[in-house]
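The values are calculated or read from the model by the stated rules, or taken from the named source; none is laboratory data. What you are looking at is a predicted structure, and each value in this text was computed from that prediction instead of being measured. Using ideal geometry, Cβ is built from the backbone for each residue, glycine included, and neighbour counts are taken over all protein chains shown.
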Amino acid sequence: MGSQAPASSRRLERMDDLVALCARRGFVFPSSEIYGGINGFWDYGPLGVELKSNLKRAWWQRVVRERADVVGIDSSIITHPRTWEASGHVEFFSDPMVDCRACKKRFRADQIDDAGPCSAREGTSQHEFTEPRNFNLMLQTRIGASEEAASIAYLRPETCQAIFNDFKRVREVARQKIPFGIAQIGKAFRNEINPRNFTFRSREFEQAEMEFFCHPSERERWFEHWLQERLRFHRDLGFDERRLRTRAHAADELAHYCKVAQDVEYRFPFGWQEIEGVHDRGDWDLGRHSEYSGKDLGVTDPETKEHFVPMVIETSIGIDRTCLALLCDAYAEEELENGETRTVMRVHPALAPIQVAVLPLSKKLADPARALEQELRRRFHVFYDEAGNIGRRYRRQDEAGTPFCVTVDFDTASDGKVTVRDRDSMDQERVATAGLVAALAPRLEFPG
Ligand code: ATP
């Protein structure tokens, strides 16, 4: 059957187009929408949650399951508050903040160039800023019924500190020797002064972090190894190479714990921005936690008997930011040769929220189509849709990023075949129902 090659294709230029699609199709939308939303918090709908969990699964597969030298944990979000004194977050984890005396809005001092108009000065940019003050980004909560200061705890601003807390036990129970790594995926919270750019800077977000512990003499080698590994992952996610780069941190940008850092950056419509950081954290974390807990977190080499504090190479990816980058990268508006237009999300087939849509050409074909749906569900994430004309149904799946649409028609009963339509090329081919799972499975896999 014929295809309809696009006559022209346009990438995402305005974030508003993506924000609208995400709300309309249920990828991501404001949290607590019925109360007017809450700044810096977002909910993932039925499509978004699938994309996000596919991304997490791909990361876990690559970083933990495919390696013998990395193990996983799932720690509590609230840890002993001493954790954050030891890590330096109580002392250093702050951004300089300024207030506008006229419109009362609050900004990060290093971002006032993007402050926008002052609402009290009739839309001009004449803000009247206060002197910068430091604002700690950790979100506080209280534990138990007591109002005393001793009951204060923090929602973790990064997932990795629990890895350092648990380092000794995990090394023992997993029977790992240096070098090895510990990974975890989970929520982190930062009271960002100015959440913005859709989910890019949120107050609640997910991180996937891996801390790799090595001998001091091997830190450069492992840093390079992990940087290359992470770049391979981002390429495998299908990002356009021209929108991906690494950037080394200048000395004055480095966080308090960090010796060397490289960001993996994606070119969003609002500019080049970090989606992942690869950091050489040195012995800062284990050294500080040894000091604050009074427990020796050093290790002894069984052969040389050398006792040392391992160096830490960290890879830290934002799951929400990477989802946002995937959505930006996938978005295309195409004009077809027949004059129609379509919006298509060209997301990597292995990450697509819906992998296969089953579409009977007529409601009269519901029985065989439902039977096929049930069979495919055992293997793939499937969506069934029999409402509306077939062109409209294809367009809906294009917007959802569904790589394959399978159409059951009036010949299916006699020739045992269905039509498989490819999202990207819009090519259609007749495939025997009996071989359908085998034909689709390799095209829906994430590279190992
Ligand atoms: P930024 O400079 O953008 O504030 P950061 O350098 O503080 O980020 P890290 O502390 O290195 O970020 O965190 C690791 C990853 O966690 C980042 O690469 C990013 O993907 C994610 N991340 C950090 N802060 C946020 C946030 N407010 N919202 C969403 N993701 C975030």
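Computed values, structure above
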| read-out | value |
| --- | --- |
| Every pair of residues 6+ apart whose Cβ atoms lie under 8 Å, when the first sits in segment 182-201 and is in the same structural domain as Trp42 (by TED's automatic domain parsing) while the second is crowded, with 20+ Cβ neighbours inside 10 Å and among the hydroxyl-bearing types (Ser, Thr, Tyr) | Gln184/Thr159; Ile185/Thr159; Gly186/Thr159; Lys187/Thr159; Ala188/Thr159; Glu192/Ser202; Pro195/Ser202 |
| Strands (runs of 3 or more DSSP E) contained entirely in segment 1-84, each with at least 3 residues that are small (Gly, Ala, Ser) | 6-11 |
| Sole exception among (1) more than 9 Å from the ligand (Cβ to nearest atom); (2) in a helix (DSSP H, G or I) for Arg321, by number | (1) |
| Checklist (1) away from the ligand (no atom under 16 Å from the Cβ); (2) among the aliphatic types (A, V, I, L, M); (3) without any contact (Cβ under 8 Å) to a residue 60 or more places away in the chain applied to Ala5, failing item | (3) |
| Selected residue (criterion: modelled with the lowest pLDDT) from residues of segment 240-270 that are surrounded by fewer than 18 Cβ atoms within 10 Å (Cβ to Cβ) and among the small types (Gly, Ala, Ser) | Ala255 |
| Positions within segment 187-224 being among the β-branched types (Val, Ile, Thr) and under 20 Å from the mean Cα position of the chain (by Cα), in sequence order | Thr199 |
| Of the criteria (1) over 17 Å from Arg443 (Cβ atoms); (2) within 27 Å of the chain's Cα centre (by Cα); (3) touching a residue at least 12 places away in the same chain (Cβ under 8 Å), which one Val382 fails | (1) |
| Tabulated pairs, segment 276-300, first in contact (Cβ under 8 Å) with a residue 60 or more places away in the chain, second among the acidic types (Asp, Glu) and away from the ligand (no atom under 16 Å from the Cβ), C-beta under 7 angstrom, 6+ apart or interchain | Tyr292/Glu85 |
| Restricting segment 403-418 to residues that are in contact with a Lys or Arg (Cβ under 6 Å, 6 or more places away or on another chain) and in contact (Cβ under 8 Å) with a residue 24 or more places away in the chain, the residue that is nearest to Gln374 (Cα to Cα) | Cys405 |
| Pairs where the first residue, in segment 63-81, is more than 26 Å from Leu139 (Cα to Cα) and assigned by TED's automatic domain parsing to the domain that holds His234 and the second is part of a loop (DSSP other than H, G, I, E, B) and of a type in the set (A, V, I, L, M), C-beta under 6 Å, 6+ apart | Val71/Ala174 |
| Which numbered condition Thr315 misses (of (1) touching a Lys or Arg at 6+ places or on another chain (Cβ under 9 Å); (2) surrounded by fewer than 19 Cβ atoms within 10 Å (Cβ to Cβ)) | (2) |
| Pair list, Cβ < 8 Å and 6+ apart or interchain, from segment 257-275 residues that are within 16 Å of Gly318 (Cα to Cα) and among the small types (Gly, Ala, Ser) to residues that are more than 8 Å from the ligand (Cβ to nearest atom) and at pLDDT 95 or above | Ala261/Ala248; Ala261/Val278; Ala261/Asp280 |
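Residues are listed down the side, and each one gets a yes or a no for (1) modelled with pLDDT under 95; (2) crowded, with 21+ Cβ neighbours inside 10 Å; (3) outside the structural domain of Asn197 (by TED's automatic domain parsing):
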{"residue": "Gly294", "(1), (2), (3)": "no, no, no"}
{"residue": "Gly298", "(1), (2), (3)": "no, no, no"}
{"residue": "Lys305", "(1), (2), (3)": "no, no, no"}
{"residue": "Met311", "(1), (2), (3)": "no, yes, no"}
{"residue": "Cys323", "(1), (2), (3)": "no, yes, no"}
{"residue": "Glu375", "(1), (2), (3)": "no, no, yes"}
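This table checks each residue for (1) surrounded by fewer than 20 Cβ atoms within 10 Å (Cβ to Cβ); (2) of a type in the set (Phe, Trp, Tyr); (3) part of a strand (DSSP E or B).
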residue	(1), (2), (3)
Trp272	yes, yes, yes
Val278	no, no, yes
Arg281	no, no, yes
Asp285	no, no, no
His289	no, no, no
